[in-house]
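All of the numbers you see were taken from the coordinates with simple rules; none came from a lab. Only a predicted model underlies this, so the values are computations on that prediction, with no experimental measurement involved. Cβ sites come from the backbone with ideal geometry, for glycine too, and all protein chains shown count toward neighbours.
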């Protein structure tokens, strides 16, 4: 049986960042990354909006705020090194009502607190920058960018392998057994041993915890983020990312217009309950995923808290005209015919037994393993500092484990 010093489960951007930085931290040891799909970044990483976020929304001084700011800079540096195209197109957070204007002022203050350069625009200045956008004012955040995160993942895998690590695709983990002297992983390609395991399984995070026989006090609830794409002739409709002012009472941000690195523009996402964890088509249902979700007490408590917004999201998902109204709020020239099909994404939202949506890191640890059960948004932007944080978290833990063998 092959033996590695480190095994990492998950070929999304957090798993790849972690494995790569583990190999850099331990150049004389062997790091193995396992991914069940035939290619990297097939789930959350490969279905997100491709935004390099500046970190406007996060509590000043928090890990999320720091990691986002550091991650944006690190991502751009990484892209420069690997000649991965990105564009610093900037973001406009547009207020369309007097209440949103008040909230906008608070967000502008938070930009300063988070050391993010921002410019406050009045209605005329907004109109000058974006003639097709309607609003009472906006915050312009220049540092926001766009990139293809799948290409970032491929470059991270290259870095990992160049440093001496290994990536195995099409390898599903079927068993996790921890003993005092190490971890044995049963996989679809045969068993392997590791001195320490880091699991970054995203949509399957709770199942990996269970597979190791550990107690689970949370569950991954999938939320579908549905998008539309504008026709090619409207690719110049906006020059920046156009975002709403968030409602603090709602759990998700809301529909926005996003320029993509290929020049296209998407509208979305909404946030509707997913009935299949890896269901990206228009209609998806997994009996196993649904039964698991309906049998979880935290799901019902979450629904009791947000049922009104849930019904609104569902209605707009079923009605293209309802979805259109969300975007016409600040881009009134759009028509139903402009909303063309585009693949959905799935957000892995960790929910506790009491119905609380986990908004911070959630780890499960044993002497020889660490499971990343929740990596807070925006994990793609923050992946490099998140990976560094995970490596720092496990270093002492792993040193004690290795000494015991």
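Structure notes:
- Inter-part distance, the range 72-110 to the range 237-254, computed on C-alpha centroids, equals 11 Å.
- Cα-projected label distance for residue 136 with residue 88, points at 7 Å along beta-carbon direction, nm: 3.2
- Against the chain, whose longest principal axis is taken from its Cα atoms, helix 297-318 shows a tilt of about 40°.
- Candidates 297, 54, 19, ranked by Gaussian network fluctuation over the chain, Cα under 10 Å, top entry: 297
- Placing pseudo-labels 7 Å out from each Cα toward the beta carbon at residue 97 and residue 62 gives an inter-label distance of 2.3 nm.
- Among 100, 233, 154, the residue with the largest mean-square fluctuation in a Gaussian network model of the chain, with springs joining Cα atoms closer than 10 Å, is 233.
- Panel values: the range 40-116, Kirkwood radius from alpha carbon pairs, Stokes-Einstein at 25 °C and 0.890 mPa s, translational diffusion coefficient 171 µm²/s.
- Helix 98-113 and the longest principal axis of the Cα set of the chain meet at an angle near 50°.
- Helix axis angle, 149-162 relative to the chain longest principal axis, alpha carbon, degrees: 30
- Rounded to the nearest 5, the antiparallel percentage of DSSP beta bridges internal to the chain is 70%.
- Relative exposure of 300, 307, judged by other C-beta atoms within 10 Å (fewest first): 307, 300
- Candidates 33, 16, 273, ranked by Gaussian network fluctuation over the chain, Cα under 10 Å, top entry: 273
- When the helices of the chain are scored as -39500 (n - 2.57) per DSSP H run of n ≥ 4 and the total is divided over every residue, the value at 222 nm lands at -11000 deg cm²/dmol.
- Using a cutoff of 8 angstrom between alpha carbon atoms and counting only pairs six or more residues apart, the relative contact order for the chain works out to 23 percent.
- Alpha carbon centroid spacing (whole Å) that separates the range 356-405 from the range 130-181: 16
- Förster-model FRET efficiency, 22 Å R0, residue 115 and residue 392, C-beta, rounded to 0.05: 0.50
- Note: relative contact order over the range 306-405, using C-alpha pairs below 8 Å and six or more positions apart, is 14 percent.
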